[in-house]
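Enquirer: Sharing a structure here in structure tokens format.
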Amino acid sequence: MSEHTGHRLAVIGAGVMGTNIAALAIGHGVPVVLVDVADEVLATARATVGQKLKHAQLMGVLPAGRARGELVTSTSPSDAADATTVIEAVVEIAETKAKVLTEVAGLVRPGTLLISNTSCIPIDEMAGWVGRGDELVGVHFMNPAYLIKMVEVIRGTATSDATMERVVALLTALGREALVIRDAPGFVINRLLHPLINRAAMLVQEGVASAEVVDGLLQGCLGHATGPLRTADLIGIDNLVDSLNVLHERTGDPECAPCDLMLEKVREGQHGRKTGRGFYDYGKTAR
Ligand code: NAI
């Protein structure tokens, strides 16, 4: 509960990352209000957060002896009003993020830390939407957020020193380590990772190798933990296509235009683990 840390999170968007971040926070004793658009999404999200907490506990990555934070789910952004920090984790579409961030920034008290978990949209672009860019910072939690300790923190041009101190304090309370970078489309991780995944998918598309072989080579020869296409299935191919479009529009880099195979998988509803099928078959949905 909040008496452990003083933090109260509102997480907007209860998909892959919203549930990851909620599990991380609750497991560290921080209460969370998780907001999404529909009750069915939230019912699934509650179950998913429970599974992720169980997984985190099994992996021994939660602090011992700490009471869990409370989880409240809601379809009303106004339930975020009492938070000390808002973490935006909705789809990687600028118009949706603009609407959500503008609304929530108008609901919370001045001094509330505003975080976006965006994959690729520059923080300075978002600062223009919320009108309080000094309190806005990018925190790119990795997936799964409760297993990977390192996070990429993006300081926007307007982000204040006080906000940087507060975000580091929050991440410390969540047991995370931060490396801070300057703002740019895709930041560091996704400017490197997303074109790699896109290129790996193109090799499958061209018939050069199967997904298993591409991943096997990256694992066996380059020491990649899972291979780029298993990573794609974990991230969500729908999210990757949105993120590549954001990168392509903002950098003009042709390597970032999503390849036909990824576009086809999205059209066919093969979004990766969350739909049970992507580059690999999972048999059942596994967020
Ligand atoms: P997702 O598609 O799994 O979940 C997005 C959620 O946002 C959905 O549940 C959707 O209903 C909800 N949503 C849409 N509009 C909304 C609104 N107006 N109000 C409230 N909720 C709304 O997406 P995912 O993968 O969780 O991505 C979320 C953000 O995190 C994106 O910006 C993504 O680029 C970023 N990200 C994703 C990672 C991944 O591995 N999937 C890793 C790191 C960052």
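The values are calculated or read from the model by the stated rules, or taken from the named source; none is laboratory data. The model shown is predicted, which means the values in this text are computed figures rather than measured ones. When we count neighbours, we look across all protein chains shown, and the Cβ atoms used for this are built from the backbone with ideal geometry, even at glycine. Just the protein is used for accessible areas: all its heavy atoms, side chains included, with ligands, DNA and RNA removed. Shrake-Rupley method; radii C 1.70, N 1.55, O 1.52, S 1.80 Å.
Enquirer: Taking the residues in segment 123-164 that are in contact (Cβ under 8 Å) with a residue 40 or more places away in the chain and touching a Gly at 6+ places or on another chain (Cβ under 8 Å) as candidates, determine which candidate is most open to solvent (accessible area, probe 1.4 Å).
Expert: Filtering first and then ranking leaves 124.
Enquirer: Ok, one more. Residues being open to solvent by less than 100 Å² (accessible area, probe 1.4 Å), within 13 Å of the ligand (Cβ to nearest atom) and either part of a helix (DSSP H, G or I) or hydrophobic (A, V, I, L, M, F, W, C) (or both): count how many of those fall in segment 34-58.
Expert: Summing the residues that are open to solvent by less than 100 Å² (accessible area, probe 1.4 Å), within 13 Å of the ligand (Cβ to nearest atom) and either part of a helix (DSSP H, G or I) or hydrophobic (A, V, I, L, M, F, W, C) (or both) in segment 34-58 gives 11.
Enquirer: Sticking with this structure for a sec: Taking strands (runs of 3 or more DSSP E) that fall entirely within segment 101-218, which contain at least 3 residues that are within 16 Å of the ligand (Cβ to nearest atom) and among the β-branched types (Val, Ile, Thr)?
Expert: In segment 101-218, 150-155 are the strands (runs of 3 or more DSSP E) which contain 3 or more residues that are within 16 Å of the ligand (Cβ to nearest atom) and among the β-branched types (Val, Ile, Thr).
Enquirer: Further, regarding this structure: Would you check which residues across segment 257-275 are away from the ligand (no atom under 13 Å from the Cβ), out of contact with any strand residue (DSSP E or B) (no Cβ under 9 Å at 6 or more places or on another chain) and assigned to a helix (DSSP H, G or I) and list them?
Expert: Result: 260, 261, 262, 263, 264, 267.
Enquirer: Now, a different point. Could you please let me know if residue 223 is open to solvent by 40 Å² or more (accessible area, probe 1.4 Å) and outside the structural domain of residue 129 (by TED's automatic domain parsing)?
Expert: In short, yes.
Enquirer: Right, something else. So, of the residues in segment 12-33 that are open to solvent by less than 10 Å² (accessible area, probe 1.4 Å) and either among the aromatic types (Phe, Trp, Tyr) or in contact with an Asp or Glu (Cβ under 8 Å, 6 or more places away or on another chain) (or both), which turns out to be farthest from the ligand (Cβ to nearest atom)?
Expert: So the residue we want is 26.
Enquirer: Now, a different point. When you scan segment 75-82, do you find a residue that is β-branched (Val, Ile, Thr), on the phi < 0 side of the Ramachandran plot and within 12 Å of the ligand (Cβ to nearest atom), even just one?
Expert: Yes, there is a match, as at least one residue in segment 75-82 is β-branched (Val, Ile, Thr), on the phi < 0 side of the Ramachandran plot and within 12 Å of the ligand (Cβ to nearest atom).
Enquirer: Now, a different point. For residue 72, only one of the following conditions fails: (1) more than 11 Å from the ligand (Cβ to nearest atom); (2) buried (at least 21 other Cβ atoms within 10 Å of the Cβ). What is its number?
Expert: (2)
Enquirer: Another question, then. Determine whether segment 4-11 contains at least one residue that is part of a helix (DSSP H, G or I), over 21 Å from residue 109 (Cβ atoms) and open to solvent by 20 Å² or more (accessible area, probe 1.4 Å).
Expert: Yes; the residues of segment 4-11 include at least one that is part of a helix (DSSP H, G or I), over 21 Å from residue 109 (Cβ atoms) and open to solvent by 20 Å² or more (accessible area, probe 1.4 Å).
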